[in-house]
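Here is the structure we will look at, set down as structure tokens.
Taken together, the values in this text are just the output of simple stated rules run on the coordinates, not laboratory data. If you're wondering where the values come from, they're calculated on a predicted model, not measured in any experiment. A quick note on method: Cβ atoms are made from the backbone with ideal geometry, for glycine too, and the neighbour counts reach across all protein chains shown.
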Amino acid sequence: MLARVREDAGSGKPLVYVPGIDGTGELLLGARERFAAEFRLVRLRYELGPGAPPGEDDYPHLASSVVDALDECDIGSAILLAESFGGPLGLQIALDHPERVSALAIVNSFSHYRMRARLALTNTVMPRVPPRLARFVRRHVGPPMLMGPRRDPEMVRAFREVEGLVFDEGYLRRARMVRGVDLRPRLGEIRCPVALFASERDGIVDSLPQAREMAAAIEGATMEIIPRGGHIALPLADEPWVERIRTLAARAEAARAVGA
């Protein structure tokens, strides 16, 4: 499994979007334009390749490929905006390559995935669903299940236009990575500013207890709850995501000044 650059847009402080298990880098939806208006937004995607055989499907190898992507963009350090599956990846990069992470924002994620029965059921059932039915489920069941009660028509429309949201080999390999990750013993080693965000109505990840656990273990980490938010929360236009990342960037600048 490798991380590749999907898009490099905008200017300003580098903000790298580390996507969830879908792997497309497209689920920022309308938030993409809002972030790119203020930051240099680099969106990553995940792909299979000859350089990443199944035996190397783990977070440390994937973290190294993110560093390669940063090198490709000539970015020394960046704010990482890590969502769901991408949360442990952001943590892994901060642990293994701390000089490359100026700050870390984690949205609806985990350091150890506990809802394993649900993950196993999904991984067993969904690959056997006929493609036509899978597309129907994604189009009509996906938005309420993933976005929760605060979804709006624009979010739903944009979600339905995203291609590549399928239960393919890449998805299944990433799901196996989720089962194997446990970064809880190392959370206390993280030194960059960390902001944690957890949706109140997340039905995919137990975001609230996970965020509380990470906040307790990571020195100086902040935590904020997204009221009535679902698992996909970054596209919510009425949530101040740009302002939150701006605040996190200021924390990173302050930490750098103290350490200089």
Quiz prompt | Antiparallel DSSP beta bridges within the stretch 2-259, as percent of all bridges there, nearest 5 | solution = 25
Practice problem: Work out the charge dipole of the chain with +1 on the Cβ of Lys and Arg and -1 on the Cβ of Asp and Glu about the Cα centre, then indicate which of Ala63, Val42, Ala31 is farthest towards its positive end. | Solution: Ala31
Quiz item: Can you list residues whose amide H is under 5 Å from Val18's amide H, if they're 5+ apart or on another chain and H is modeled 1.01 Å from N?
Solution: Leu81, Ala82, Glu83
Quiz item: Most mobile of Pro60, Pro143, Pro227 per a Gaussian network model of the chain (Cα springs, under 10 Å)?
Solution: Pro227
Quiz prompt | Globularity index of the stretch 129-260, i.e. its alpha-carbon radius of gyration over 2.2 N^0.38 Å | solution = 1.26
Practice problem: Report the full-extension gain for the segment Ala257 to Val242: residue separation times 0.36 nm, less the Cα-Cα distance, to one decimal in nm. | Solution: 3.1 nm
Quiz prompt | Contact order normalised by residue count of the stretch 2-259, Cα under 8 Å, 6+ apart, percent | solution = 22
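Subtracting the Cα-Cα distance from 0.36 nm times the residue separation, let me have the gained length for Asp96 to Arg139 in nm, one decimal. Let's see the in-between values first.
Details: separation 43, 0.36 × 43 = 15.48 nm, distance 3.80 nm.
Taking Asp96 through Arg139 to full extension adds about 11.7 nm, to one decimal.
Taking Cα pairs under 8 Å and at least six residues apart, what relative contact order does the stretch 23-113 come out at, in percent?
Details: 92 pairs, mean separation 21.9, N = 91.
Answer for the stretch 23-113 is 24 percent.
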Quiz item: So what's the angle, to the nearest 10 degrees on a 0 to 90 scale, between helix 86-96 and the longest Cα principal axis of the chain?
Solution: 30
Exercise. Quick one: work out Rg over Rh on the C-alpha atoms of the chain, Rh as Kirkwood radius.
Key: 0.93
Practice problem: Give, rounded to the nearest 20 debye, the magnitude of the charge dipole that the chain has about its Cα centre when Lys and Arg contribute +1 at Cβ and Asp and Glu contribute -1 at Cβ. | Solution: 860
